[in-house]
Each structure stands twice: as structure tokens, then as C-alpha cells.
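Notes follow the structure.
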Amino acid sequence: MRQSIDEHLAGLLPETDSQDVVSIAMREGVMAPGKRIRPLLMLLAAHDLRYQGSMSTLLDLACAVELTHTASLMLDDMPCMDNAELRRGQPTTHKKFGESVAILASVGLLSKAFGLIAATGDLPGERRAQAVNELSTAVGVQGLVLGQFRDLNDADLDRTPDAILSTNHLKTGILFSAMLQIIAIAAASPESTRQTLHAFALDFGQAFQLLDDLRDDHPATGKDRNKDAGKSTLVNRLGADAARQKLREHIDSADRHLTFACPQGGAIRQFMHLWFGHHLADWSPVMKIA
């Protein structure tokens with residue numbers, strides 16, 4: 001699956017003339033070695049939801065989300081925001097190509113993402129519009145934009161755990177929710193399934209962000225280390241042990257939602273347990289997930 005995703009991404013962003021610096025930055029940002037967890041989850045969700053469309057359309061939808069995610073990382077890394085030097089083990093886009101190129105590359109990737117969804121041939125027009133709306137809402141002023149704004153302006157404040165969870169959802173969980181809604185739309189899933197997938201995404205996103213915060217000083221993240229020092233994250237607020245327990249609770253809740261949403265398929269569930277189990281094993285055998 002990962003190979004198929006990487007090959008599809010490479011086809012969407014072909015190598016170009018050396019003078020086209022923005023296109024080069026777009027391609028390098030996307031093709032840098034990443035986890036691909038979002039498009040992988042979308043392909044697994046399609047399997048569990050018994051998606052009947054073409055693989056080409058499915059890959060377009062999954063890659064559109066990966067393009068969106070990469071675009072958001074380029075902007076998050078900018079000096080006026082997180083001021084990061086490393087991403088996926090490589091210099092951030094603005095470090096390598098300059099700030100203006102990073103901004104333009106991000107806009108280019110977002111435009112490409114929306115165009116991919118809008119042009120999916122084997123989805124009825126109404127469902128295409130719904131899918132575009134899901135992604136637009138996730139990216140916009142009530143989604144990633146608001147989450148990044150809060151993270152920049154409130155992270156140094158003495159936030160309550162609930163306020164931190166709310167920001168984490170906007171930063172991370174909302175894109176997980178949108179991408180699963182896009183697959184559910186493509187699979188013509190009933191509203192009850194879509195609601196349960198949204199509940200799963202809320203828990204999965206919180207667990208994912210907690211894991212990222214716990215690994216802030218881990219040498220294998222491919223990002224700048226100790227960027228959360230002094231910030232009011234749940235790890236800093238509650239302590240590492242309590243944060244790990246909270247992470248486990250979110251995984252257990254996510255598992256229950258999946259059991260209801262996809263009773264005839266367990267691909268996402270298996271992936272979730274294996275993926276978190278692998279990363280949590282860095283800390284304690286107690287945290288390993290069966």
C-alpha cells in the first residue's frame with residue numbers, strides 16, 4: 001500500500017525543469033520519507049467500508065490528503081510559526097529553498113489537493129462536492145488554521161487540559177476526521193457509520209498528538225528535538241506517565257468506535273494496534289498494546 005501511495009504521489013508531482021524551483025520544492029516536500037499514515041488509513045478504511053470504486057480514484061483521494069498535510073507542515077515550519085529546521089530528517093522547505101518558495105509551494109500543494117478531489121471521475125458530482133467541503137472545512141479557519149493559531153498564541157499560557165485537547169483536535173484530529181469522511185462519502189456509507197468514524201478520529205487524533213508530544217525529545221522523529229519545552233502540552237501539564245495513560249484510554253475508545261463502524265472489517269483496527277504498540281514499546285512493556 002505504501003509503495004502504491006509513493007508511486008502515485010511521484011506521478012502527481014513529476015520531476016521538472018531545474019528552473020521551476022516551486023515545483024521542485026513541492027515534490028521534495030511530499031516525497032521526503034514520511035509515515036504516510038493518513039493515506040494508509042484511507043486505503044484501509046476503504047477496505048473496511050467495502051469501497052467499490054476504482055483504485056485510481058481511491059489513490060487520488062488519499063494522496064490529496066497527503067498533499068494537504070505536507071502543505072500544512074511547510075507553513076507550520078516557517079520562522080514566523082514554529083521556526084523548525086528539520087522535517088522528516090531533512091532541512092525544512094524554507095531552510096532549503098527560502099521562505100517565499102515555501103509559501104508558494106504550500107499554496108501549490110493545496111490547490112493540487114482540491115483539484116484532485118474535484119476531478120475524481122467515478123464519484124457523482126454531489127459526493128465530490130461533499131468531499132471537497134470536508135477537506136476545505138478541515139483546513140480552514142475552523143480547522144487547521146485555528147489550531148495553528150491557538151498553538152502559536154496559547155501554548156505558553158497555563159491552559160487547562162480541556163483547552164489543550166481542543167487545540168490538539170484542531171491541529172491533528174480534524175484532518176483524520178475529514179479524510180475518513182471522504183472515504184465514507186466515496187463508499188456511500190450511511191450517516192451512522194460516518195458519525196462513528198468521526199468519533200474514532202477524535203480519539204485517534206488525540207492519541208496521535210499525545211504520542212508526538214511524548215516523543216518530543218526522541219532522536220528518531222526526524223524533527224527538531226525539544227520544541228515543546230515550556231509549552232503547555234498534556235505531557236508537560238500532567239507528566240509523562242499520566243499522558244501515556246491518557247493515550248491508552250484514547251486508543252481503547254477508538255477501538256470501540258471502530259468495532260461499531262466496521263463490524264465486518266478490521267484492517268484499521270489491526271493497523272492502529274500494531275502502529276501504536278510499536279512506538280509505545282520505546283517506553284515500557286506495560287504500555288504495549290495486545
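The values are calculated or read from the model by the stated rules, or taken from the named source; none is laboratory data. These numbers come from a predicted model, not from an experiment. When we count neighbours, we look across all protein chains shown, and the Cβ atoms used for this are built from the backbone with ideal geometry, even at glycine. Please note that ligands, DNA and RNA were not included when accessible areas were found on the heavy atoms of the full protein model with its side chains. Shrake-Rupley method; radii C 1.70, N 1.55, O 1.52, S 1.80 Å.
Taking only protein heavy atoms into account and a 1.4 Å probe, give the accessible area per residue of the stretch 93-218 in Å².
Here the residues of the stretch 93-218 average 41 Å² of exposed surface.
Could you please state how large a percent of the accessible area of the chain is carbon and sulfur, counting protein chains only and using a 1.4 Å probe?
C and S atoms contribute 53 percent here.
Please give me, ordered by residue number, the trypsin sites (Lys or Arg not before Pro) of the stretch 44-94 that lie in loop per DSSP and have at most 15 other Cβ atoms within 10 Å.
In loop regions of the stretch 44-94 (DSSP not H, G, I, E or B), the sparsely surrounded trypsin sites (Lys or Arg not before Pro) are 50.
Determine which residues of the stretch 12-36 fall in the zone a paramagnetic label at residue 55 would reach in this model, i.e. backbone nitrogen under 20 Å from the point 7 Å along Cα→Cβ.
12-13, 36
Excluding residue 16 itself, what net charge comes from residues whose Cβ is under 12 Å from its Cβ, given Lys and Arg +1 and Asp and Glu -1?
Result for the neighbourhood of residue 16: -3.
Can you compute the modelled spin-label distance between residue 154 and residue 271, with each label point 7 Å from Cα toward Cβ, in nm?
3.0 nm
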